[in-house]
Amino acid sequence: MRENEHNWIDKRHEIAQLLTHLGHVRQAVPVNYKLKAELKQRLLEQMQQMQKAQLGALPVKRSRRRFWWLGGGVMALSIAALLVFLPKDGLRLHEQTVLAIPTEESAKQVSISPRGDRIAYLTDNAKLHAYPVDRPEDKDLFTLPATSGRYESVVWSNSSQRIAVLEQTEGASRLWMMQFNDNGGQASTQLLWEETGAQVADVSWSPDGRQIAYTKVKGDKVEVWINNLASYRENKLAEGSQPDWSPDGKRIAYVQDGEIQVIDLTRGAAAKAAIGTKPSWQSPDRFTYLSTEGRLMQARLNAQTGTFDTLSVPLYKGVSLTSAEWARDGKHLLVAKQTNQGLVFAVVRSD
């Protein structure tokens with residue numbers, strides 16, 4: 001083994017120890033902020049040394065596993081170092097788990113389970129990857145049914161045992177449901193629903209699991225529809241895209257002409273809430289979204305006025321996010337950034 005490779009392994013070991021210490025510091029009560037700051041500084045120094053050496057010190061041939069931790073890991077940790085916190089009256093985020101997908105696996109989309117404990121992503125070769133957030137090495141790989149179409153997106157249902165994968169063909173869209181057993185292995189795969197003559201995207205489950213909201217594209221029409229999975233009765237909700245169902249089932253946020261609209265399903269009235277894309281509900285009265293620059297924002301319902309107040313969430317400085325998705329528990333936020341080297345993402349906890 002060459003000396004450079006020895007140095008990389010040593011650096012990796014040191015960073016792993018520092019991350020372990022940081023985890024212990026997070027759990028301490030009261031928190032030792034001085035020690036935490038010192039450990040973070042040491043971690044940053046180690047990362048900077050690794051990045052400087054990356055241009056000339058990395059072996060030319062790397063195994064897939066080594067690339068996961070050295071290549072993607074360095075890039076992800078660099079982004080993680082930009083984490084900042086909000087004041088007490090804002091959305092407080094902490095305790096990141098930073099992950100990365102190897103560049104040789106071209107991920108189409110990543111999704112987080114309702115409990116915030118598992119990640120799933122889809123690759124170009126019709127493979128579905130799923131693993132626990134705290135144990136990325138325990139990854140399960142599933143092969144999707146052979147088809148003439150292409151698999152475009154993946155989303156967890158309201159159960160952490162079920163994942164839906166959306167397939168697109170020339171004349172139809174199909175929603176496949178994968179059921180897992182108690183050990184995390186694949187138990188069954190079935191065709192849940194098919195939409196002919198249109199393209200479907202942005203599937204969002206209702207809290208009771210009986211309905212889905214989705215984007216339907218037919219010709220030049222882009223609309224939000226609701227489908228009852230028991231009766232398969234469909235209803236058009238509005239013109240727009242990217243619907244997301246609130247945790248209490250009373251509202252749906254969606255995007256229309258660059259603006260986020262929120263429709264009250266009990267009254268059928270819609271109102272502008274913010275300017276941006278990718279709304280994702282954290283609780284019945286608030287959701288996050290991305291600004292036109294890819295910055296994370298928050299919209300909160302004002303009980304006095306009935307409108308939404310918006311504020312910036314300075315999660316990362318200078319980073320334009322690709323997506324931000326809340327788990328159904330409202331405690332885990334999955335943020336992703338598409339880079340030239342692949343997809344980098346992190347799971348962040350809120351208070």
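The values are calculated or read from the model by the stated rules, or taken from the named source; none is laboratory data. From a predicted model like this one, the values you see are computed outputs, not experimental measurements. In this analysis, Cβ positions are derived from the backbone assuming ideal geometry, glycine residues included, and neighbour counts consider all displayed protein chains. Note: areas computed on protein heavy atoms with side chains; ligands, DNA, RNA excluded. Shrake-Rupley method; radii C 1.70, N 1.55, O 1.52, S 1.80 Å.
Rounded to whole numbers, the Karplus 3J(HN,Hα) couplings from phi for segment 234-244 are 10, 9, 6, 9, 6, 7, x, 7, 6, x, 9 Hz, using 6.51 cos²θ - 1.76 cosθ + 1.60 with θ = phi - 60°, and x at Gly and Pro.
For segment 131-172, the orientation-averaged shadow of the C-alpha convex hull comes to 3.9 nm² (one quarter of the hull surface).
A protection proxy built from the mean count of other Cβ atoms within 10 Å ranks the segments 310-317, 259-266, 225-232, most packed first, as 259-266, 310-317, 225-232. Taking 0.36 nm per residue of separation and subtracting the Cα-Cα distance, full extension of the segment from ASP124 to ASN302 would add 59.8 nm.
The label point for LEU141 and the one for GLN161, both projected 7 Å from the Cα toward the Cβ, are 2.7 nm apart. Counted residue by residue at 0.36 nm each, then reduced by the alpha carbon distance between them, the extension gain from GLU239 to ASP134 reaches 33.8 nm. Neighbours of THR277 by Cβ distance under 13 Å: Lys/Arg scored +1, Asp/Glu scored -1, total -4.
Across GLU325, GLU194, the residue with the most accessible area heads the list, and the full order at a 1.4 Å probe is GLU194, GLU325. Starting from the Cα of SER283, move 7 Å in the Cα-to-Cβ direction to define the label point; list residues of segment 309-348 whose amide nitrogen is under 12 Å from there. Hits in segment 309-348 for SER283 at 12 Å: 330-331.
Spherically averaged projected area of the convex hull of Cα atoms, segment 266-342: 6.3 nm².
Here the simple spin-label model places points 7 Å from the Cα toward Cβ, and for MET177 and LEU191 these points are separated by 1.5 nm.
Going through the cross-link list LYS218/LYS250; LYS139/LYS218; LYS127/LYS250; LYS139/LYS272; LYS218/LYS272, which pairs have a Cα-Cα distance over 31 Å in this structure?
Long pairs (Cα-Cα over 31 Å): LYS139/LYS218; LYS127/LYS250; LYS139/LYS272.
Given R₀ = 45 Å, FRET efficiency for ARG150-LYS250 by Cβ-Cβ distance, to 0.05? Using R0 = 45 Å, I get an efficiency of 0.80.
Overall, the ratio between the Cα radius of gyration of segment 108-232 and 2.2 N^0.38 Å, rounded to two decimals, is 1.04.
Per-residue accessible area (protein heavy atoms, 1.4 Å probe) orders VAL217, VAL200 as VAL217, VAL200, starting from the largest.
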